[in-house]
1. Taking the residues in segment 82-106 that are among the basic types (Lys, Arg) and within 19 Å of residue 263 (Cβ to Cβ) as candidates, determine which candidate is surrounded by the most Cβ atoms within 10 Å (Cβ to Cβ).
2. Regarding residue 240, is this residue touching a residue at least 60 places away in the same chain (Cβ under 8 Å), under 19 Å from residue 35 (Cβ atoms) and not β-branched (Val, Ile, Thr)?
3. Could you tell me whether segment 233-250 includes any residue that is assigned to a loop (DSSP other than H, G, I, E, B), in contact with a strand residue (DSSP E or B) (Cβ under 8 Å, 6 or more places away or on another chain), among the polar types (S, T, N, Q) and at pLDDT 95 or above?
4. Residues being under 17 Å from residue 24 (Cβ atoms), under 17 Å from the mean Cα position of the chain (by Cα) and either among the charged types (D, E, K, R) or modelled with pLDDT under 95 (or both): count how many of those fall in segment 97-149.
5. So residue 171 passes all but one of these: (1) closer than 20 Å to residue 54 by Cα; (2) under 16 Å from the mean Cα position of the chain (by Cα). Which condition number does it fail?
6. Let me confirm something: among 255, 227, 161, 186, which residue is part of a helix (DSSP H, G or I), closer than 29 Å to residue 124 by Cβ and among the hydrophobic types (A, V, I, L, M, F, W, C)?
7. Do the conditions hold for residue 254, that is, is it touching a Phe, Trp or Tyr at 6+ places or on another chain (Cβ under 6 Å), modelled with pLDDT of 95 or more and closer than 30 Å to residue 42 by Cα?
8. Would you call residue 82 modelled with pLDDT of 95 or more, under 29 Å from residue 226 (Cα atoms) and under 19 Å from the mean Cα position of the chain (by Cα)?
Amino acid sequence: MIKKLAKKLLRCIFFTGRRYCCSVCGWHIKEYLPLSTFYTENLKKYGFKYNIEHFETLNLANYSCPICAASDRDRLYALFIGKLLTQIQNRKMQNFSILDFAPSKPLTNYIRRNIKKLNLPVLYRTADLYAEKVDDKVDIMNMMGIYKNNQFDFFICSHVLEHVKDDKKALRELYQILKPNGCGILMTPINLDVETTDESTTTDEEERWRRFGQFDHIRLYSKSDYLLRINEAGFFVRQLGKEYFGKNFFDVNGLSDKNILYVVEKKGSI
């Protein structure tokens with residue numbers, strides 16, 4: 001009851017003006033919420049090496065939706081996934097399968113809600129090594145005991161690779177489980193000031209804040225090296241921005257021109 005009243009209050013506060021419209025929950029709102037000061041203050045405290053404003057897909061002022069808590073990247077993903085689900089419906093595609101690693105609750109709710117709304121024959125599964133409420137407990141660096149080769153049509157792997165010890169092995173595993181001609185959203189923090197990928201297995205949280213921008217990250221990619229590693233795993237990668245989605249969609253979702261969606265594709269046939 002308290003949660004319902006809190007949501008109602010939030011809607012009253014943020015609905016007035018209706019400047020924006022969140023692609024995840026569909027609510028028209030006056031403004032988005034900024035990134036928590038927990039991050040910005042710690043980055044300053046530990047002397048993060050780069051300008052936080054130069055992260056490619058991060059909107060400090062318009063970070064999260066006050067209604068559903070979807071982050072800016074969630075809203076970007078929803079724009080693409082919405083197009084994908086509509087395509088599945090229009091083409092009457094059967095037995096389409098989606099695997100979502102380290103799922104975001106707002107985005108998971110969006111996907112499940114729209115699969116049901118459109119009455120789609122889509123299998124959606126969530127996966128994580130540590131989280132409790134997921135369908136599969138999976139180590140992304142070793143998935144062959146859980147999944148088969150060429151099993152999924154689409155995956156979402158967002159802000160995972162910067163956490164794992166062997167990201168190149170994880171990329172190869174992602175390639176293996178994806179069907180030929182399948183695709184996936186593959187995202188990681190990219191700071192445009194970074195010229196060379198910095199990585200270390202250090203467990204010192206202060207050192208991680210300083211070098212990688214977060215206490216549980218073990219690497220910070222340069223854009224060129226990130227693209228190289230994706231290509232080396234066998235993927236073809238597309239970079240989708242404002243030109244692809246349209247200026248209006250970016251504006252109403254509070255997305256800046258620096259927002260880029262990395263979509264990887266597995267070419268070929270079985």
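The values are calculated or read from the model by the stated rules, or taken from the named source; none is laboratory data. A quick note: this is a predicted structure, and the numbers were derived from the prediction, not measured. Neighbour counts are summed over all protein chains in view; Cβ atoms, including those assigned to glycine, are modelled from backbone coordinates with ideal geometry.
1. The initial filter retains those residues of segment 82-106 that are among the basic types (Lys, Arg), namely 83, 91-92, 105.
Cutting the leftovers down to within 19 Å of residue 263 (Cβ to Cβ) gives us 83, 91.
Numbers: 83: 12, 91: 9.
My answer is 83.
2. Numbers: touching a residue at least 60 places away in the same chain (Cβ under 8 Å): yes; under 19 Å from residue 35 (Cβ atoms): no; not β-branched (Val, Ile, Thr): yes.
Against the criterion (touching a residue at least 60 places away in the same chain (Cβ under 8 Å), under 19 Å from residue 35 (Cβ atoms) and not β-branched (Val, Ile, Thr)), residue 240 does not qualify.
3. Filtering segment 233-250 for residues assigned to a loop (DSSP other than H, G, I, E, B) gives 233-235, 241, 246.
Narrowing further to those that are in contact with a strand residue (DSSP E or B) (Cβ under 8 Å, 6 or more places away or on another chain): 235, 241.
Cutting the leftovers down to among the polar types (S, T, N, Q) gives us none.
No: zero hits.
4. If we filter segment 97-149 for residues that are under 17 Å from residue 24 (Cβ atoms), which is where we start, we get 98, 100, 102-118, 124, 126.
Restricting the remaining residues to those that are under 17 Å from the mean Cα position of the chain (by Cα) gives 98, 100, 102-112, 124, 126.
Then drop every residue that is not either among the charged types (D, E, K, R) or modelled with pLDDT under 95 (or both), which leaves 100, 105, 112.
Final tally of qualifying residues: 3.
5. (1)
6. On the way: 255 fails: part of a helix (DSSP H, G or I); 161 fails: part of a helix (DSSP H, G or I); 186 fails: part of a helix (DSSP H, G or I).
Only one candidate passes the filter, namely 227.
7. Working: touching a Phe, Trp or Tyr at 6+ places or on another chain (Cβ under 6 Å): yes; modelled with pLDDT of 95 or more: yes; closer than 30 Å to residue 42 by Cα: yes.
Judged against the criteria, residue 254 is a match.
8. Yes; evaluated as a whole, the condition is true for this residue.
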